[in-house]
Amino acid sequence: MAKKVAVIGAGVSGLVSLKCCVDEGLEPTCFERTEDIGGLWRFKEDVEDGRASIYQSVISNTSKEMSCFSDFPMPEDFPNFLHNSKLLEYFRIFAREFDLLKYIQFQTTVLSVRKHPDFSSSGQWEVVTESNGKKQSAVFDAVMVCSGHHILPHIPLDSFPGIEKFKGQYFHSRQYKHPEGFEGKHILVIGLGNSASDIAVELSKKAAQVFISTRHGSWVMSRISEDGYPWDMVLHTRFISMFRNVLSRFKIIRKWMMEQQMNRWFDHANYGLQPQNKHLMKEPVVNDDLPSRILYGAIKVKSRVIELTETSAIFEDGTVEEDIDVIVFATGYTFSFPFLEESVVKVKDNTVSLYKYMFPPHLEKSTLACIGFIQPLGSIFPTVELQARWATRVFKGLCTLPSEKTMMADTIKRNEKRIDLFGKSQSQTLQTDYIDYLDELASEIGAKPDLLSLLLKDPKLAVKLYFGPCNSYQYRLTGPGQWKGARSAIVTQKKRILKPLKTRALTTSSTLLVSFLLKILGLLAISVAFFFQLQF
Ligand SMILES: Cc1cc2nc3c(=O)[nH]c(=O)nc-3n(C[C@H](O)[C@H](O)[C@H](O)COP(=O)(O)OP(=O)(O)OC[C@H]3O[C@@H](n4cnc5c(N)ncnc54)[C@H](O)[C@@H]3O)c2cc1C
Ligand SMILES: NC(=O)c1ccc[n+]([C@@H]2O[C@H](COP(=O)([O-])OP(=O)(O)OC[C@H]3O[C@@H](n4cnc5c(N)ncnc54)[C@H](OP(=O)(O)O)[C@@H]3O)[C@@H](O)[C@H]2O)c1
């Protein structure tokens, strides 16, 4: 009999987990507390308890070709960076294509997930849900926790002495929806993550003045990279990843190169943005407008706030900004698992002890996996897909986890490495690198491409895999879940990137021909001149 799996949440992680369950012949039931799919990516005017809340203008900071699921490229006319409504459209098409909606029970909240009395032999879980005030209990063979980690606001008021006296308005970035209503105001945005930057830029077009206060600074990147290609298609290649790994043995060179790379667009020190620890690989801000809004003076970068008064903010460097009307705390998120007992998963200081960010290491049976509790340096979508592919194969008994001792040791080591690479900040507790982690997950299920044998069989493809963008299709070339469209998706990727840009027909062929003819004529003229010089 097929194993029954409870999937908690119908955001991106939940949807892809459902598909992986179906692919593996498991029998999933998804519980979603709201009335629809999409999780974070479904914008609503009002802020709902228990669901992530975004502002109307959010645009993805990872590109479409690097963010799509591995056997389902985004429609080729979709733009390269997607407005939240467009990304939601993709998830809707995905859910329809794989007929996932029939597994979802909407407006059903998971209240508790407890070990079944015979858990040590069966690995089963008792899941209690609530729908329209009615509680229900059911037993499942496995559980996939896909409830998201951008739901609970982190609003550190204790670090802002005087906030109780402040007479203006203040709120967390989760409450922010539109710039309307902020016309002519003096606004202070706290933090320098992606939320802070997006919100500061948007408000600076309406407000009298926007200040952005950062205690540690941040690297800021453009969505546009070499030759106008999306940044993640250029930077997330196996070649660059290998190069970085080799360089990590020579820390001084790696640090120097990173600084050079990050300062290529503009000198962060001149803009007051330079990170305090320049050498951490902390998640960068991806924002094309922030530097220009600073150049226009519409945004002023300030240091840490040390005190607030009724109307002003006093900063670490002794400067004071008067007449502040609004403070936006874009200070990130915390997370929790209210339906799980602490003995199963415990969150402490925004960190959680999970084997490879997924499995509680101390369970007698590996029948519970957390999907999406991670912040990779690239797109989260292919990452959660590989997590779900692995988890479902563990549930089926096709993959086994190592001993508790090995898992604990790995978790501790990984955490130390994370702190070394990304630092201790609250916003970096779930941070991972990108390709290394994807490869690690793919290796677990036997879907990591073997470049060496590919070089012999299909050298063109091998070169694309090594020097080209490390997209999700690479993990469907081989192993379980192989997709016959994967090779073609890889070689036609450029076409899909350029397609939405081809909105104006250019007569390139004739200009190319003219320039080619001119070059030939030029060469002829030089040859003739050279010939005459020899003659006379
Ligand atoms: C503003 C913003 C922009 C981002 N942009 C990007 C980007 O461009 N690229 C990228 O890779 N990542 C991005 N991220 C990261 C983001 O976390 C992921 O994109 C992704 O949406 C996470 O999906 P998820 O399914 O794990 O969680 P969510 O989207 O939060 O979905 C969780 C779902 O679980 C449901 N749920 C929760 N608790 C329960 C319960 N007890 N019972 C039943 N249902 C429950 C919720 O209602 C929700 O539908 C962004 C994050 C933010 C905040
Ligand atoms: N367009 C997009 O795609 C988009 C938009 C928004 C968010 N996101 C994603 O969503 C996730 C969350 O982003 P986020 O910006 O909301 O949160 P975040 O990345 O966690 O950033 C929080 C910011 O708040 C600061 N902060 C935290 N505590 C503070 C304190 N006590 N005092 C002063 N500053 C403090 C942090 O500074 P320190 O660094 O000093 O700790 C950091 O700059 C990220 O993965 C992000 O990429 C994406």
Candidate span helices, the chain: DSSP H, at least 30 Å along axis from Cα coords, Kyte-Doolittle average at least -1.0, result 508-535
With T = 37 °C, eta = 0.692 mPa s and Kirkwood Rh from C-alpha pairs, the Stokes-Einstein D of the chain in µm²/s is about 129
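Taking the Cα centre as origin and putting +1 on Lys and Arg beta-carbons and -1 on Asp and Glu beta-carbons, what dipole magnitude results for the range 83-148, to the nearest 20 debye? Display every interim value, and only then the final one.
Numbers: 8 positive and 7 negative charges, 42 e Å.
Roughly 200 debye for the range 83-148.
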Using the Cα gyration tensor of the range 372-454, the equivalent ellipsoid's semi-axes, largest first and to the nearest Å, work out to 23, 17, 13
Amide H contacts under 5 Å for His172, restricted to residues at least 5 apart in sequence or on another chain and with H modeled in the peptide plane, are Phe329
For Ile93, the accessible surface traced by a 1.4 Å probe with all protein chains present amounts, in square angstrom to the nearest 10, to 50
Taking 344-350, 185-191 and ranking on average Cβ neighbours within 10 Å, highest first, one gets 185-191, 344-350
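Accessible area per residue of the range 49-140 at 1.4 Å probe, in Å²?
44
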For the chain, whose charge dipole is built from +1 on Lys and Arg Cβ atoms and -1 on Asp and Glu Cβ atoms, the candidate among Pro161, Pro459, Thr478 with its Cα farthest towards the positive end is Pro459
In the chain the accessible area split gives carbon plus sulfur, as whole percent at 1.4 Å, a share of 55
Residues meeting the amide H criterion for Ile212 (H placed from the backbone, H to H distance under 5 Å, 5 or more places apart or on another chain) are Val189, Lys300, Val301, Lys302
With the 1.4 Å probe rolled over protein heavy atoms, the range 401-496 has an accessible area per residue in Å² of 50
Toy charge model, Lys and Arg Cβ at +1, Asp and Glu Cβ at -1: the chain dipole around Cα centroid in debye, rounded to 20, equals 1600
Within the range 164-256, pairs of Lys residues whose Cα atoms are less than 24 angstrom apart, provided they are eight or more positions apart or on distinct chains, add up to 10
Note to self: C-alpha centroids of the range 1-42 and the range 360-416 sit apart, in Å, by 17
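The values are calculated or read from the model by the stated rules, or taken from the named source; none is laboratory data. These numbers were taken from a predicted model, which means no experiment stands behind them. No Cβ is skipped: glycine too gets one built from the backbone with ideal geometry, and neighbour counts run over all protein chains shown. Calculation scope for accessible area: heavy atoms of the full protein, side chains included, ligands and nucleic acids excluded. Shrake-Rupley method; radii C 1.70, N 1.55, O 1.52, S 1.80 Å.
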